[in-house]
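Here the structure is laid out as structure tokens; the discussion comes afterwards.
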Amino acid sequence: MLRKKLSRRQFVAATALSSAALITAPYVRGAHAAGKLTMGCWDHWVPDANKAHTALVNEWAAKEKVEVSVDYITTQGNKLFLTIAAQSQAKSGHDILAMPTWWPHAHAEMLEPVNDIIGPIIKQNGDVNGTVEYLGKAGDKWLGVPSCIGSQIKGPCSRIDLLKKYAGIDIQEMYPAGSPPKADNWTTDTFLKAAEACKKGGFPFGIGLGETPDNVDTAGAFFLAFGAQLVDAKGNLKVKTDEVRAVLEFYKKLIPLLPNGVASWDDASNNKALVSGEASMIMNPPSAWAVGKRDAPQVAEKCWTHGFPKGPAGRFNPILPRFYGVWKFSKNKEAAKSLMEFLTLRKNAERQVAASQGYDIPPYPQFNDFKTWDEEGPPKGSLSHYPIKGGDQKAGVTCSPAPPLIAAQIWLQSIQAQMLVRYARGEAMEKTIDWASREVEGFKRT
């Protein structure tokens, strides 16, 4: 992930373009604006997920008599992000392009509004969650169509046996498969006590504080749980508040209970901690568990994914939605919008979730009843509470409710995680807060 100070102009302008494997749907000349369409998609880590997506595109292409080419573009080396920026700058590229969490707002001026199809989609599928709307909409303009493929939640994945043995917590009873959560007592205070107990038992929580997305998103969820905003929805600085001080104090207690060196962890570190059997909990989508099924089945069969602990301001599961955007320079907007509508159909989203082994999270809460999450295992039902199912849980994204272009900068620069590390290492709280205030004030001016 890019970790340097960026102006808004720099954030939306890069020049490198990735290469990607080309998969082409059957050619049948026809209906939509000369019958050709290009699509750039996130390259899924689950091979069958790409295959399922290609099959869906081919079905639509055959029916609509459109020739479609699909490029799967990796995020490794920031290739997808650089592809988005390069196409925006060149005003040339795919008709449809996958847009990660913050990118629709970064390229809002270059994206075709999709209000004309979002209305019917929401009428058909139900409302999107509030975080999806916050990220996908600028004023009254929808910047992209919320995507199922690649959208994820980074909630806790816990070892059933270790939480029960050392912390006295039956996580399956708290989050029973196929039933609403019974998690009133799953609070930040309980979380802290459990972290201490598991540390003493030799199996600490594997929660990192490095400057990479998994670590930043976990820190951001705890900021939300404490009601700690750095910038409010109107763009006002809110760093010097009791809520921010409270989350700093919470983490100062938590960090000594985590493994040594967590300030330098990257996005692979928590996965390794779980799969190796060293950690009793991590914060991650089911990718780490899925690797465990392959490489350490004795660990995977003891894992359970569940909801986030509740803080003074509520319970926020960190979600990273993705979108499909249509460029204003697209040569086939009509066909592009037709394909995106097709991909949002419930039956098609369900196929995508199944192919991803439950990793992909639909943007429509009414879709959280798909059977895949209750059936995936071992143990069966391990992913039942990966999507939000009832209770007081909300989907939240790091740095909200700040205006998205400011929030994106806070996220890119890992300001929250850096604050936590600085204070935990002994820096005076007011010095940490003053540093963050200066950094965020700078983002407001760029």
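Under a Gaussian network description of the chain, with springs only between Cα atoms under 10 Å, the residue in GLU430, GLU301, GLU350 that fluctuates furthest is GLU430. When a/c is below 1.5 the answer is rounded, else prolate if a/b is larger than b/c, else oblate, so apply that to segment 200-352 with a ≥ b ≥ c taken from the square roots of the Cα gyration tensor eigenvalues. The shape class here is oblate. Highest mobility in the GNM of the chain, judged by mean-square fluctuation with C-alpha springs under 10 Å and restricted to VAL239, VAL66, VAL46, is found for VAL46.
If you count the DSSP beta bridges with both ends in the chain, what percent of them are antiparallel, to the nearest 5? If you can, show how the numbers build up before the last one.
Working: 24 of 40 bridges.
DSSP beta bridges in the chain are roughly 60 percent antiparallel.
Here segment 402-445 was treated as a single set of alpha-carbon atoms; its pair distances binned every 5 Å from 0 give 5, 24, 31, 21, 13, 6, 1 percent.
Let's test the formula: R0 of 41 Å, r as the Cβ-Cβ distance of LYS252 and ASP116. What FRET efficiency results, to the nearest 0.05?
Details: r = 50 Å, r/R0 = 1.22.
Between LYS252 and ASP116 the formula returns 0.25.
Give me the number: length gained by fully extending LYS347 to SER92, i.e. 0.36 nm times residue separation minus the C-alpha to C-alpha distance, one decimal in nm. Walk me through the numbers on the way to the answer.
Values: separation 255, 0.36 × 255 = 91.80 nm, distance 3.26 nm.
Taking LYS347 through SER92 to full extension adds about 88.5 nm, to one decimal.
Distant-in-sequence amide contacts of TYR72, defined by a placed amide H-H separation under 5 Å and a gap of 5 or more residues or a different chain, comprise ALA21, ILE23, CYS41. Rounded, prolate or oblate: which fits the chain when a ≥ b ≥ c are the square roots of the eigenvalues of the alpha-carbon gyration tensor, with rounded for a/c under 1.5 and prolate only if a/b beats b/c? It comes out oblate by the Cα gyration axes. Overall shape: oblate for segment 211-268, with the ratio a/c of the largest to smallest alpha carbon gyration tensor axis at 1.5 or above and b/c at least equal to a/b.
Build a GNM of the chain with springs between Cα atoms under 10 Å: which of ALA268, ALA86, ALA417 gets the top mean-square fluctuation? Of ALA268, ALA86, ALA417, the Gaussian network model singles out ALA268 as fluctuating most. Against the empirical curve 2.2 N^0.38 Å, the C-alpha radius of gyration of segment 307-446 lands at a ratio of 1.39. Calculated translational diffusion coefficient of segment 255-335 (25 °C, 0.890 mPa s; Stokes-Einstein with Kirkwood radius over alpha-carbon pairs) equals 155 µm²/s. Taking label points 7 Å from Cα along the Cα-to-Cβ direction, TRP435 and LYS331 give a separation of 5.1 nm.
By how many nm would the segment from ARG425 to LYS65 lengthen if fully extended, with 0.36 nm per residue of separation less the alpha-carbon distance? Before the final figure, lay out the partial values.
Values: separation 360, 0.36 × 360 = 129.60 nm, distance 6.17 nm.
Gain on extension, ARG425 to LYS65, equals 123.4 nm.
Taking only the C-alpha atoms of segment 51-134, Rg followed by Dmax gives 14.9, 38 Å.
Taking the accessible area of the chain, probe 1.4 Å, and keeping the other protein chains in place, the carbon and sulfur fraction comes to 50%. Across segment 81-181 the C-alpha pair distances fall into 10 Å bins from zero in the proportions 12, 33, 22, 17, 14, 3 percent. On a per residue basis, the chain carries 39 Å² of accessible surface, using protein heavy atoms and a 1.4 Å probe.
Restricting the calculation to Cα atoms, segment 188-244 yields a radius of gyration followed by a Dmax of 14.3, 46 Å.
Can you give the translational diffusion coefficient of segment 141-289 in µm²/s, computed by Stokes-Einstein from the Kirkwood radius over Cα pairs at 25 °C and 0.890 mPa s? The diffusion coefficient I find is 147 µm²/s. Take the convex hull of the alpha carbons in segment 129-228; its mean projected area over all directions comes to 8.9 nm². For segment 117-180 versus segment 228-246, the spacing of their alpha-carbon centroids is 25 Å. Applying 0.36 nm per residue to the separation of GLU278 and GLU173 and subtracting their alpha-carbon distance, the gain on full extension is 35.5 nm. Legend: residues TYR251, TYR134, sorted from most to least accessible area (1.4 Å probe; ligands, DNA and RNA excluded), read TYR134, TYR251.
Between ASP369 and ASP127, the distance separating the two model label sites (each 7 Å from Cα on the Cα→Cβ line) works out to 1.8 nm.
The values are calculated or read from the model by the stated rules, or taken from the named source; none is laboratory data. The shown structure was predicted, so the numbers you read here are calculated from the model rather than taken from an experiment. Glycine also receives a Cβ, built like all others from the backbone with ideal geometry; neighbour counts cover every protein chain displayed. Note: areas computed on protein heavy atoms with side chains; ligands, DNA, RNA excluded. Shrake-Rupley method; radii C 1.70, N 1.55, O 1.52, S 1.80 Å.
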